[in-house]
Ligand SMILES: N[C@@H](CCC(=O)N[C@@H](CS)C(=O)NCC(=O)O)C(=O)O
């Protein structure tokens, strides 16, 4: 059984998408990051960076010592290797997949995340920050569009953990309906790829978990209490 420490965010959806595709048994433990659940001593033992997602697999090799993993990219690689699915074992293809997982975790995620933050959650309008992150996000989207011009998926014609890492971020961008952030129009290949992934029954089952946690996912500052903003965007975690 896999225990998944989760909240309904792009990085959380990556893992439920994999688990649903692979049909692995799992149970979700909700970590409400807007209430500060990520800072409890119990969760910090599992995820020392105080962020979701994290997993504990109680039987990594069909038994043996349980393993704890944080960082969504590391979890995806672990699950792919555990199941032998969604990442080829061929050296070149495996490394191509891992590169694109890192590309998402180090580029599209953090840069897109900052673009979303400065456009929607920052207490003041900082034009420089908005321009800096939206333009870097657009550059990364251009990289993804080029990548998908000649391929069905990010690594060849097989759906892989690279796609599972990136598609939830596109989901998060498009649901905001903000032209400065994202618009499908200049990215027809991203649209084709994204629509195909969202139509997969496993993706739909993964996203259906949202309804079990909150009726409406927060969209901007107005949906967060002052406490939630302090926890998520303040210096709550900084030890002086
Ligand atoms: N690099 C990490 C990022 C994880 C992350 O940013 N998680 C967010 C939700 S998407 C979170 O836990 N935020 C709570 C906080 O920042 O306090 C990963 O890919 O797992």
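Bear in mind these aren't lab numbers, they're just calculated from the coordinates by the rules spelled out. Given the structure is predicted, the values throughout are model-derived calculations rather than measurements. Don't worry about glycine lacking a Cβ; one is built from the backbone with ideal geometry, like all the others, and counts go over all protein chains shown.
Take the Cβ atoms of residue 135 and residue 42, set R0 to 45 Å, and the FRET efficiency comes out at 0.65.
Share of Cα-Cα pairs in the stretch 52-100 beyond 15 Å, in percent? The partial results should precede the final answer.
On the way: 574 of 1176 pairs.
Result for the distance tail: 49 percent.
Debye-formula intensities of the stretch 91-202, expressed as log10 I(q)/I(0) at q = 0.24 Å⁻¹, are -1.41 (one equal scatterer per alpha-carbon, no solvent). When the label point is put 7 Å from the Cα of residue 58 along its Cα-to-beta-carbon vector, which residues of the stretch 68-97 have a backbone N closer than 16 Å? What the label zone holds, given the 16 Å backbone N cut-off, is 68-69.
In this simple spin-label approximation, residue 198 and residue 95 carry label points 7 Å from Cα along the Cα→Cβ vector, and these lie 3.6 nm apart.
If I stretch the segment between residue 106 and residue 223 completely, what's the gain in nm (0.36 nm per residue apart, minus their alpha carbon distance), one decimal?
Working: separation 117, 0.36 × 117 = 42.12 nm, distance 2.74 nm.
Stretched out fully, the residue 106 to residue 223 stretch lengthens by 39.4 nm.
In the chain, the DSSP beta bridges split such that about 60 percent are antiparallel, to the nearest 5. For the stretch 1-29 versus the stretch 75-140, the spacing of their alpha-carbon centroids is 18 Å.
Ordering 23-33, 1-11 by mean Cβ neighbour count within 10 Å, with the highest value first, yields 1-11, 23-33.
Extension gain, residue 1 to residue 143: 0.36 nm times the residue separation minus the Cα-Cα distance gives 47.4 nm.
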